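Peer 1: Take a look at this one; I'll ask things after.
The values are calculated or read from the model by the stated rules, or taken from the named source; none is laboratory data. These numbers were taken from a predicted model, which means no experiment stands behind them. Note that each Cβ is placed from the backbone with ideal geometry, even for glycine, and that neighbours are counted across all protein chains shown. Note: accessible area is taken over every heavy atom of the protein model, side chains too, but ligands, DNA and RNA are not part of it. Shrake-Rupley method; radii C 1.70, N 1.55, O 1.52, S 1.80 Å.
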Amino acid sequence: MKTPSKLQRYGLAIISCGIALPVAWPIDAPASCFLLAVMVSSLFGGLGPGVLSVALSAIAYEHFFLWRIPHPAHEPAAFLRFTVFLVATLLVTGLMEMKRRAEEGRSRAQEALRLAQSDLAHVNRVTTMGELTVSLAHEINQPIAAAITDANTCLRWLKRDQPDLEEAREAASRVVKDATRAAEIVGRVRLLFKKGAPQRERVDVNHIIQEMIVLLRNEASRYSISVRMELTTDLPQIMGDRVQLQQVLMNLMSNSVDAMKDGQGTRELTVQSQRADDDHLQMSVSDTGVGLPPQQADQIFNAFYTTKPHGTGMGLRISRSIVESHGGRLWASNNSPRGATFYFTLPINADAHE
């Protein structure tokens, strides 16, 4: 919201008092009308316009209303009321200025908190991506290696005594496809590392799930974890920040991998999407790992609570904050016989949430 200029703020004080005078005249209620003018001037204009409105109100009160009292010189009560009026207007001005400064201070504090949360979320993304460096390097290397192989194949077909243009064309097409895939992976990683203000847009939650599985698939394979998607088709798009929602899924999926990588038995990660009701979509990340700490299912969302030897304890706290900022809810429950499932909902109608 644009801040009013100095001329606009002082103009508001003059206009407020100018309106109060004709309103107060027929009903003979100057104190109430001018007090209202002082409140408006102080609240929206600040201390200077508030003091100006007090001065204008006092002049108008004295010139246009005191003379209406018979023999005002012999009416000390009239001047007492005038004095009380002046004190009241000055008091109102001071209180309004204190209120305005308190609101400005609160706004600055909220903005500072928002920036701090954004910085912390960025650090969390960078930390998590750093932990997945080996996996990501392998994920990017696969299409690059395939592109090199296809490029060499293309050259071989072209170097033959009778070049096979059709085979060479197919090999070249595979080079383009593999290079595009590598570029897409790099683009997703760069986006997650990028620091910036939240950008709300229409997003497909199934597409976000598929993107994150591409980035984390090799990390899961590294620990013999099978990944399964159960995505409901034709889900409506929602209004949200793509990078933040990717971060939520990345945190939840990374936690599931950590919960299973040292365990025994079947290791399975399942990501689901479905419609929770007419107003929300629901996503879930389920694993067959160690499960939630006994009697502490909700404490895992507290800041700095972690069961990892080198964990920061902020991943789930940040994830819940992101989901709640989108108007949704994040919670967890234990599976039977083992493992845990994290659920989160997101509103379909963003306008209603806003």
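Peer 1: Across 10 Å bins from 0, what is the distribution of all Cα-Cα pair distances for segment 1-58, in whole percents?
Peer 2: Whole-percent P(r) values from 0 Å outward: 29, 51, 18, 3.
Peer 1: Here's a follow-up. Could the peptides 238-250, 217-229, 8-20 be put in order, highest first, of the mean number of other beta-carbon atoms found within 10 Å of their residues?
Peer 2: 238-250, 8-20, 217-229
Peer 1: Another question, then. Considering all projection directions equally, how large on average is the shadow of the alpha-carbon convex hull of segment 262-302, in square nanometres?
Peer 2: 4.4 nm²
Peer 1: Let me ask something else. Would you mind checking which residues have amide H under 5 Å from G339's amide H? H placed 1.01 Å from N; only 5 or more apart, or other chain.
Peer 2: Sorted by chain and number, the residues that satisfy this are G289, G291.
Peer 1: Taking the full set of protein chains and a 1.4 angstrom probe, give the accessible area of K99 in square angstrom, rounded to the nearest 10.
Peer 2: So the heavy atoms of K99 present about 90 Å² to solvent.
Peer 1: Magnitude of the Cβ-charge dipole of segment 206-282, K/R +1 and D/E -1, about the Cα centre, nearest 20 debye?
Peer 2: Charge dipole, segment 206-282, about its Cα centre: 400 debye, nearest 20.
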